[in-house]
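Student: One structure is given below, represented as structure tokens, and several questions about it will come after.
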Amino acid sequence: MSMNMDTALLRVQDLHVEFKTRRGRAMVLNGVDFEIRRGETLCVVGESGCGKSMTALALLRLIPSPPGRISAGRVMFQDEDLASATPARMREVRGNRISMIFQEPMTSLNPVLTVGDQIGESLRLHVGLDARAARDRAIDMLRQVGIPAPERRVDEYPHQLSGGMRQRVMIAMALACRPDILIADEPTTALDVTVQAQIFDLLRDLQRDNGTAILFITHDMGAVAEMADRVMVMYAGRVIEHGSTAEVLSRPMHPYTRGLIDCLPELGSSAAGAGEARRELAEIAGVVPSIWELASGCAFRDRCPHAMPRCAEQVPPMFGAEPGHAAACWLHEELATEVAA
Ligand code: SF4
């Protein structure tokens, strides 16, 4: 954790993303609002298809376009709206001020370049280091992410490394330029629990040393308890609850969040220790509504045990309870009181 925790580094406002398809327009993000502050970890949680990864790609303007596009909203990075920045400006921002690590490093690493060349590339491009200095920095980064014998590993190719080491190389690449924000999209899903715990430790250490803000995307509530300062829960392309991790996990106000947590009886103990079995998102009966079928009302109503006529008529806005804790549900107060009782 670092200084200036109250300063919003990134403010996402009313972000909409749509895709043109043969079936019509698919609305994948429907007015996403959030902010991330310097030095904090914000976890984005939800089932696949809820818009978590799409949000990350939209921030970095990596949505394939066409067929996709940001149709409305702003992505304010300090005083600049990245949603309307030029492609040249986005190349400066990506990998330098905001970087991203992906779930499967093998698809993101270049198989024909050494890990040293790949880490060094952004240092040459963004920081202007010469080849020698970039190589020295790459070795230093490999050491920082805990790769043994970095002077030798720097000349190896991705296929010569284990899955855990490849993910560490991805982290080294992402952090080489000391970004303000690191987006980590399911960074440990493909790894076993021991390596997962090591990667969590590593991210925390690097965050503490550099003050980096982390946007951590996961479907694993155990990872949320372990990593997050704040949580935002997404459903059908919207944020449906957000708040501090302690608040959201102990007093969830949205039935969807409650459903996710109810299936995790051991969650209370999970915050204490790493390396436990992975806890997948709960099996909540029903399926996420199709992106073509988002009509009026609350998108969760077909799966919600509390649904009432009003839920079909109006989209519930965000209602706040504690400062910073809010949920998009007409019954937010009743549900919060029930949990507290
Ligand atoms: Fe359930 Fe209605 Fe709340 Fe939606 S608004 S989560 S349908 S009670």
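The values are calculated or read from the model by the stated rules, or taken from the named source; none is laboratory data. Bear in mind the structure is a predicted one, so any value in this text is a computation, not a measurement. Glycine gets a Cβ as well: all are built from the backbone with ideal geometry, and neighbour counts include every protein chain shown. These area figures cover heavy atoms from the full protein model, side chains too; ligands, DNA and RNA do not enter into them. Shrake-Rupley method; radii C 1.70, N 1.55, O 1.52, S 1.80 Å.
Student: Six or more apart or on different chains, Cβ atoms under 6 Å: show the pairs whose first residue is in region 74-94 and closer than 18 Å to His126 by Cα and of a type in the set (Lys, Arg) and whose second is outside any helix (DSSP H, G or I) and open to solvent by less than 90 Å² (accessible area, probe 1.4 Å).
Tutor: Filtered contacts from region 74-94: Arg94/Leu60.
Student: Residues to consider are Glu226, Glu247; find the one that is closer than 30 Å to Cys304 by Cβ, charged (D, E, K, R) and more than 15 Å from the chain's Cα centre (by Cα).
Tutor: Glu247 is the lone residue from the list that is closer than 30 Å to Cys304 by Cβ, charged (D, E, K, R) and more than 15 Å from the chain's Cα centre (by Cα).
Student: Being in contact (Cβ under 8 Å) with a residue 60 or more places away in the chain, surrounded by fewer than 17 Cβ atoms within 10 Å (Cβ to Cβ) and closer than 18 Å to Ala326 by Cβ, is that true of even one residue in region 13-21?
Tutor: yes
Student: Scan the helices (runs of 4 or more DSSP H) fully inside region 215-283 and keep the ones with 2 or more residues being at pLDDT 90 or above and closer than 15 Å to Gly324 by Cβ.
Tutor: Numbers: elements: 221-227, 245-250, 255-262, 267-270.
Answer list for region 215-283: 245-250.
Student: Against the definition (closer than 26 Å to Leu57 by Cα and not in a loop (DSSP other than H, G, I, E, B)), how does Arg137 come out, yes or no?
Tutor: no
Student: For region 224-258, how many residues are within 11 Å of the ligand (Cβ to nearest atom) and either without any contact (Cβ under 8 Å) to a residue 40 or more places away in the chain or in contact with a Ser or Thr (Cβ under 6 Å, 6 or more places away or on another chain) (or both)?
Tutor: The qualifying residues number 1.
Yes or no, residue by residue, for (1) within 27 Å of Ala328 (Cβ to Cβ); (2) in a strand (DSSP E or B); (3) touching a strand residue (DSSP E or B) at 6+ places or on another chain (Cβ under 9 Å); (4) modelled with pLDDT of 95 or more:
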site	(1), (2), (3), (4)
Glu18	yes, yes, yes, no
Arg25	yes, yes, yes, no
Val28	yes, yes, yes, no
Ile63	yes, no, yes, no
Gly73	yes, yes, yes, yes
Met76	yes, yes, yes, yes
Met90	no, no, no, no
Thr107	no, no, no, no
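Student: Read through the list (1) over 24 Å from Glu92 (Cβ atoms); (2) assigned to a helix (DSSP H, G or I); (3) of a type in the set (A, V, I, L, M, F, W, C); (4) modelled with pLDDT of 90 or more, then give the number of the only condition that Ile119 fails.
Tutor: Unmet for Ile119, out of (1) over 24 Å from Glu92 (Cβ atoms); (2) assigned to a helix (DSSP H, G or I); (3) of a type in the set (A, V, I, L, M, F, W, C); (4) modelled with pLDDT of 90 or more: (1).
Student: Restricting the first residue to region 208-223 and requiring it to be open to solvent by 10 Å² or more (accessible area, probe 1.4 Å), which pairs with a second residue that is of a type in the set (Val, Ile, Thr) meet a Cβ separation below 7 Å and a spacing of at least six or different chains?
Tutor: If the second residue must be of a type in the set (Val, Ile, Thr), the pairs left are His219/Val45.
Student: For Arg168, state whether it is over 22 Å from Ala58 (Cβ atoms) and among the basic types (Lys, Arg).
Tutor: Working: over 22 Å from Ala58 (Cβ atoms): yes; among the basic types (Lys, Arg): yes.
When the stated conditions are applied, Arg168 passes them.
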